[in-house]
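Data first, discussion second: the structure below is written as C-alpha cells.
The values are calculated or read from the model by the stated rules, or taken from the named source; none is laboratory data. This structure is a prediction, so every number in the text was calculated from the model and none was measured. Because the Cβ atoms are built from the backbone with ideal geometry, glycine has one as well, and the counts that use them run over all protein chains shown.
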Amino acid sequence: MHPTVRKLFPYIALTGLFSALAWAVSFGTLPSADFSFHNGDEVKTVDPALAYGQPEHRVMTAMFEGLYREWPIGYELDEQGNVVSTPEPDENGNYPMGSAPGLAESYELSDDGRIYTFHLRPGVKWSDGSPITAHDFVWSWRRTLHPETAATYGYQLWYLVGAKQYTEGRVEVGDLVEIELANRLRADQPFPRGDIRRAKLIGIARPPQVSPPTNASDEVKEELQATWRSNWVYVVDHNAVPGASESASGKVGAYCKGTADTNWKQYETEWVDDRRPESLPDTTVKCQQILLDFESSVGVTAPDDATLVVTLKNRTPFFIDLTAFYALYPVNRACVEKYGTPNWTQPQNIVTNGAYNLEFRRVRDRMRLVKNPQYWDADRVKLEIVDAMAVKSVTTALNMYLTGQLDWVTDVPASVIPELIARPEKDFIPTPVLIIYFYRLNTTRPPLDDVHVRRALNLAMDKQLICEKVTQAGQIPARSVVPPGLPGYKSPLCGEFDVEAARAELAKSKYANRPGGIPKIEITYNTNDTHRAIAEVIQQMWKNNLSIDVELKNLEWNSYLDAQHTMQFSVCRAGWVPDYPDANTFIDMWVTGGENNETGWSNARYDALVKQAAEEPDSELRLRHMEEAEAILMDELPIVPIYYYTGKNIVSPRVKGFFHNALDQYPIQLMYFEE
C-alpha cells in the first residue's frame, strides 16, 4: 500500500456506513450516472433570477445558457467534439477562463461602447422543442428586474438604461409609465402580471405627511413613510402612448396603491410643465404597481426573433462576461406562466435551454441531470447522465471519491491536504483562485456599529496562522476584498495582525468602559468542517486578544442564506466568487442598499466613487476610482477579509475537459472520460 493511501485509510473506512445511509435515503438502487460530483449543500433554487451560491451555479450553468457562456480561452472542439486546440496553464497551474458565444453567435458594439446588438444562432431551441427568441431575453430580464421578483442579482442588469429606476419603482412627472392594476392573475405569480396600462405621468398628488411621534423607532418612521408614499395619487394621460388608450377608459386617469379617496384633488400636486389638465377623474383606481414603462424606457429590445439590442448607461468593459452569468439567462415564458413560481422549477415542469435537463431531485441525496437533445451544441456534449450529489461533509465526499463513487470533489478536509498533494495520481492540485473568504459584520448591531470595534476585530485576527494551521492548502492571508491578480488593479490594505494595536483601537470605542465589557458576539456559519474550524480559532483569538466572548452558530445552507439576507446575525461567514473577471464584481456589492451588501453599512463617498467608476470611460481612471472606494471599505471594515482561496478540487485522472482556473468555474458540458 502506498504511504499516502495508508494515511488516508481511516477516511475510507467510514465509507461503508455512508453507503448504507445513502442507499436508505435514495430509497433503492438507481441506474448509475456517467459522472458524479460533490456539490456541497442542497441547492436552494434553480430559478436564475433567485439563485445564489456555488452549488446553484454549478447546476444552473449545466441547465441553462445565456448569450455567452463560460469557456476556457483557446479551447476549441470540432463538430464531433474532438479537441482541436488546448490552452496552456500558467505558472500556478491555472488555465485562462473567459466567455465564448453561447445562444448568440455574434454581436456588434457601437462606437461609444454602449449599444450591443446580439445575433442569436439560427434554430436554437428550448428543451421542449420550442424556439428560443430574442423576445425570451426581453421577457426574462423584465421578470428579473421587476421589484416583486426580488431577484438576488437583479442589480447586475442595472447597467442597462432605465433598469435601476424600473426595479426601484421611481417615476417622475413626465415619464412614460406602466400601471399594473390590482387584479393579478394568480397569487404565486408576481411576474407576469394582470392588466397593464401604459400612459404618460402628468401629475403626482401627495397627501399631507403625518409626523411620527418624537420617540418613534426607525421601524415606525419607515412604516409611516411607506404608508404616505403608497397614498400618492398618480394622474396619467393614456392617449400619450400610441395604442395604450384601448385598455383605458378616458384620456386622464388617477391611480394609487394605498387608500387615497376623492379628497386627493385637494392634495399638493406636481403637474407636468405646471399645467393642470382641464378635467380630472372623479375617482382613483387602486393599482398594484406604477413603474417606469419597460418597453420604451429600459435598454433591451428585440427588433425581431433573432436580434437583441442592449443599451447601457455607460461603457461597461465586462458586459460580455456578465452575459455568461446565470442572472442574465433567459427562462421559458410559457413554462413560468403555466406553473407559477416556484413550481415551474420542479423536474416534471421545468423547461431548460442548456446542455442538460433536470430529470429528478432527491433531497439530501442528488440532482440528476440528463443530456438535453435539443441543446444547440449537443453533439459535443459527451456525458449523458450527471449526478450532482448533495454531500455536506467534505470528509464523506473524500471517502466517496477514494472508493470510486464520485469523480470530482469540490472541497476536501484541510487535515489531509498534505497527503493529497503527495498522491502519485496527481489528482489534487490546489491552485490560486479569485475568491475571497471573509466575515460580514452587522453594523446595525452593538458592538459592531462602532468602527473601532470592527478595526479591533480585524487586527486581533492572525490570518497567517489560519492559513497555515487550519486551511493548509496554500491560501494567502487577505487584507483586501479584491484578490490579487486582476490586471492594472492594486488593492488598498486593511491593518495586519497586531494585538497591541487591536487593544488600543478597542479602547477608543464607545463600549470600552461599558459595565460588563464588550457585548457578546455571535459567529454564524453554514455547515462545513472547515468553516467550523476557522470559527473556533477566531473565537479563541478574539477571547484571548480582546477579552470578547464569542458564541458559534451553525446553520444549514438555506437557513444560513436566509439569516444572511435578512441580517439575522452579528458576524457571518461568507465567500465571494467573481461573477466576471473584473474588480467591480467585488466593489459594487457594498453600495448603500446593495442587494448583496447585507451588512447595514453605508458610506456616501463610497457610493459616489462606485458611480464614478461605472461612468468613467478611461480604463485607468476607472480602476483608480475603485481603488479609492476600496480604501474606504478597508478603513471602515463592514467586512473582515480573512484569506484568498485556492481551488481544492480533486478530480479523477480519467476526467478530461476539466480546466483549473482562477474563476473556479468548471463547465460540465466540456468534461468527458478517457481511460
> Residue check: is Thr133 hydroxyl-bearing (Ser, Thr, Tyr) and touching a Phe, Trp or Tyr at 6+ places or on another chain (Cβ under 8 Å)?
Replying inline: no
>> As an exercise: evaluate Pro641 against (1) surrounded by fewer than 23 Cβ atoms within 10 Å (Cβ to Cβ); (2) not in a loop (DSSP other than H, G, I, E, B) and give the number of the one condition it does not meet.
In response: (1)
> Hey, any hits in the range 534-548 for a residue that's aromatic (Phe, Trp, Tyr), at pLDDT 95 or above and assigned by TED's automatic domain parsing to the domain that holds Asn442?
Replying inline: yes
> Which residues, taken from the range 644-658, are assigned to a loop (DSSP other than H, G, I, E, B) and surrounded by fewer than 23 Cβ atoms within 10 Å (Cβ to Cβ)?
Replying inline: Asn649, Ser652, Pro653, Arg654, Gly657, Phe658
> Of the residues Val412, Val391, which is crowded, with 21+ Cβ neighbours inside 10 Å, in the same structural domain as Ala33 (by TED's automatic domain parsing), in contact with a Gly (Cβ under 8 Å, 6 or more places away or on another chain) and in a loop (DSSP other than H, G, I, E, B)?
Replying inline: Val391
> If you check Ile202 against the conditions, is it among the aliphatic types (A, V, I, L, M), closer than 28 Å to Leu224 by Cβ, in contact with an Asp or Glu (Cβ under 8 Å, 6 or more places away or on another chain) and at pLDDT 90 or above?
Replying inline: yes
> Just a yes or no: is a residue in the range 329-341 among the basic types (Lys, Arg) and either more than 13 Å from Ile668 (Cβ to Cβ) or out of contact with any strand residue (DSSP E or B) (no Cβ under 7 Å at 6 or more places or on another chain) (or both)?
Replying inline: yes
>> If Ser602 satisfies all but one of (1) polar (S, T, N, Q); (2) touching a Ser or Thr at 6+ places or on another chain (Cβ under 6 Å); (3) within 17 Å of Lys490 (Cα to Cα), what's the number of the condition it fails?
In response: (3)
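Only one residue in Tyr437, Tyr401 is more than 30 Å from Glu219 (Cβ to Cβ) and in the same structural domain as Val655 (by TED's automatic domain parsing), so which one is that?
It is Tyr401.
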> How many residues does the range 324-368 hold that are touching a Lys or Arg at 6+ places or on another chain (Cβ under 9 Å), closer than 18 Å to Leu145 by Cβ and surrounded by 22 or more Cβ atoms within 10 Å (Cβ to Cβ)?
Replying inline: 2
>> Whether any residue in the range 446-455 is more than 28 Å from the chain's Cα centre (by Cα), surrounded by 21 or more Cβ atoms within 10 Å (Cβ to Cβ) and in a loop (DSSP other than H, G, I, E, B) is what I want to check.
In response: yes
> For residues in the range 427-445 being modelled with pLDDT under 95 and not in a strand (DSSP E or B), which is nearest to Leu561 (Cα to Cα)?
Replying inline: Pro430
> Scanning the range 296-321 for residues that are within 21 Å of Thr585 (Cβ to Cβ) and touching a Pro at 6+ places or on another chain (Cβ under 8 Å), which turns out surrounded by the fewest Cβ atoms within 10 Å (Cβ to Cβ)?
Replying inline: Asn314
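So which helices (runs of 4 or more DSSP H) stay within the range 500-619 end to end and still have 1 or more residues that are within 16 Å of the chain's Cα centre (by Cα)?
Those helices (runs of 4 or more DSSP H) span 557-565, 584-587.
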>> Considering only the range 203-214, I want to know if a residue exists there that is over 19 Å from Gly169 (Cα atoms), of a type in the set (Gly, Ala, Ser) and surrounded by fewer than 12 Cβ atoms within 10 Å (Cβ to Cβ).
In response: yes
